[in-house]
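The values are calculated or read from the model by the stated rules, or taken from the named source; none is laboratory data. The shown structure was predicted, so the numbers you read here are calculated from the model rather than taken from an experiment. As a convention, Cβ positions derive from the backbone with ideal geometry for all residues, glycine included, and neighbour counts pool all protein chains shown.
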Amino acid sequence: MTPLETARAFIDAVQEKQADVAADLCADDVEIVLPGADSPLRGKEGVRQMVRMAPKLEQSFRSEEELDGKVRVTTLTRAPGIFANYTTWVFAFQDGRVARLTFELRAAN
């Protein structure tokens, strides 16, 4: 898979609550930096933890780009009746696997 395909597969796995699928797309020492978290989640177990704790949200792809070894995928993320924002997932790769994931959030309304 290309890095962009891997990023999309990861986002789909998170949305479908498939923790093992998401973890399999990552390096053993992956680091996930969640907005507002005190410390990053680390390793494949950290990925599984992120997937398990993620609320069920509606997401639709808005844009994607691959540049300088990173993939940026922006989704419109909604919890109907509660909030909507644009979430940019920023993936860094190592040997074809997700090595680091960070997020950028921007209000949609």
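At-a-glance table
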item	result
Which numbered condition Ala99 fails, given (1) in contact (Cβ under 8 Å) with a residue 40 or more places away in the chain; (2) surrounded by fewer than 11 Cβ atoms within 10 Å (Cβ to Cβ)	(2)
Conditions (1) over 18 Å from Gly96 (Cβ atoms); (2) among the hydrophobic types (A, V, I, L, M, F, W, C); (3) over 13 Å from the mean Cα position of the chain (by Cα): number failed by Met1	(1)
Subset tally (residues that are out of contact with any strand residue (DSSP E or B) (no Cβ under 7 Å at 6 or more places or on another chain) and either under 13 Å from Leu4 (Cβ atoms) or in contact (Cβ under 8 Å) with a residue 24 or more places away in the chain (or both)) for segment 35-54	4
Filter result for Thr88 (at pLDDT 95 or above and either in a strand (DSSP E or B) or crowded, with 16+ Cβ neighbours inside 10 Å (or both))	yes
Count - residues of segment 19-41 that are assigned to a loop (DSSP other than H, G, I, E, B) and buried (at least 16 other Cβ atoms within 10 Å of the Cβ)	2
Residue, nearest to the chain's Cα centre (by Cα), within segment 20-38, restricted to residues that are modelled with pLDDT of 95 or more and either over 21 Å from Asp95 (Cα atoms) or of a type in the set (D, E, K, R) (or both)	Glu31
Selection from segment 64-77 of residues that are under 19 Å from Thr6 (Cβ atoms), surrounded by 14 or more Cβ atoms within 10 Å (Cβ to Cβ) and not charged (D, E, K, R)	Val71, Val73, Thr74, Thr75
Residue selected from segment 46-63 under the condition among the charged types (D, E, K, R) and surrounded by 12 or more Cβ atoms within 10 Å (Cβ to Cβ), by the criterion modelled with the lowest pLDDT	Glu58
Residues of segment 42-59 classified as under 18 Å from Gln15 (Cα atoms) and outside any loop (DSSP other than H, G, I, E, B), total	12
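To keep it simple, each residue is scored yes or no on (1) out of contact with any helix residue (DSSP H, G or I) (no Cβ under 9 Å at 6 or more places or on another chain); (2) over 20 Å from Pro55 (Cα atoms); (3) charged (D, E, K, R).
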| residue | (1), (2), (3) |
| --- | --- |
| Lys70 | no, yes, yes |
| Ile82 | yes, no, no |
| Thr87 | yes, no, no |
| Gly96 | no, yes, no |
| Arg100 | yes, yes, yes |
